[in-house]
1. Quick one: in region 16-50, which of the residues that are part of a loop (DSSP other than H, G, I, E, B) and buried (at least 21 other Cβ atoms within 10 Å of the Cβ) is modelled with the highest pLDDT?
2. Check 244, 235 and return the single one that is closer than 21 Å to residue 58 by Cβ, part of a helix (DSSP H, G or I) and modelled with pLDDT under 90.
3. With (1) under 21 Å from residue 53 (Cα atoms); (2) at pLDDT below 90; (3) assigned to a helix (DSSP H, G or I) as the list, and residue 142 as the residue in question, which single condition is left unmet?
4. Please work out which one of (1) assigned to a strand (DSSP E or B); (2) modelled with pLDDT of 90 or more; (3) surrounded by fewer than 24 Cβ atoms within 10 Å (Cβ to Cβ) is the condition residue 105 fails and give its number.
5. Please determine whether any residue of region 77-86 is surrounded by fewer than 24 Cβ atoms within 10 Å (Cβ to Cβ), touching a helix residue (DSSP H, G or I) at 6+ places or on another chain (Cβ under 6 Å) and modelled with pLDDT of 85 or more.
6. When you look at residue 66, is it modelled with pLDDT under 90 and either under 18 Å from residue 112 (Cα atoms) or over 17 Å from the mean Cα position of the chain (by Cα) (or both), yes or no?
7. Kindly establish whether residue 56 is modelled with pLDDT of 85 or more, surrounded by fewer than 24 Cβ atoms within 10 Å (Cβ to Cβ) and out of contact with any helix residue (DSSP H, G or I) (no Cβ under 8 Å at 6 or more places or on another chain).
């Protein structure tokens, strides 16, 4: 599918710039979904171009506007920088979506692997701050990095397990109070899946169960294979599930 691609540079405040790639349908329409697709978290920025095939599939399924930022992991290993980058991109999409024909009141967030874990953390962050209305999320095949751990909220309620470790003190404002004091209530409808051999399968299963118990609409699937090696059959099934649910979510959750 043919898409238009624009580039935006956002100042990070440390002298560097964050790249955003804005993907538009060849014939843009008004009032379409806006999607923030997180391409991954590495020790250095992962190029937003890496997930071009997924972006084209989403645009083909929903005539949406898809913004893909680079997200860096900080040198401390806490991934606080990645959360900051994701949050900055989310606010930019909220503030600029209308210029590209996308809605500003409801935005979808998604990512695969470590970006799946970042997706789950970012939507908790967005809910706690109340700055962006996230219509639905797709934390796909979440892969907990060393910077992801399980925990409980300080007030004794269960906090989302797929979240980032609290950042250093200077970045404390990046995470919501008590790392998600609202527990799982009020999080957006969710599609998540893992391969049978994925290292994040058990955590993803628990995460989906906690969301469901909190009344959040969830679809969770275990695909028949997994692991780090590329598996064409697995990727084909994952793509079919992703696009099927994405079409459903656009109809059901963009009011």
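1. Among those that are part of a loop (DSSP other than H, G, I, E, B) and buried (at least 21 other Cβ atoms within 10 Å of the Cβ), it is 39.
2. The unique qualifying residue is 235.
3. (3)
4. With (1) assigned to a strand (DSSP E or B); (2) modelled with pLDDT of 90 or more; (3) surrounded by fewer than 24 Cβ atoms within 10 Å (Cβ to Cβ) applied to residue 105, the lone miss is (2).
5. The answer is yes, given that some residue of region 77-86 is surrounded by fewer than 24 Cβ atoms within 10 Å (Cβ to Cβ), touching a helix residue (DSSP H, G or I) at 6+ places or on another chain (Cβ under 6 Å) and modelled with pLDDT of 85 or more.
6. Numbers: modelled with pLDDT under 90: no; either under 18 Å from residue 112 (Cα atoms) or over 17 Å from the mean Cα position of the chain (by Cα) (or both): yes.
Answer is no for this residue.
7. When the stated conditions are applied, residue 56 passes them.
The values are calculated or read from the model by the stated rules, or taken from the named source; none is laboratory data. All figures in this text were calculated on a predicted structure; none of them were measured in a lab. Reconstructed Cβ throughout: ideal geometry from the backbone, glycine too, with neighbour counts over all protein chains shown.
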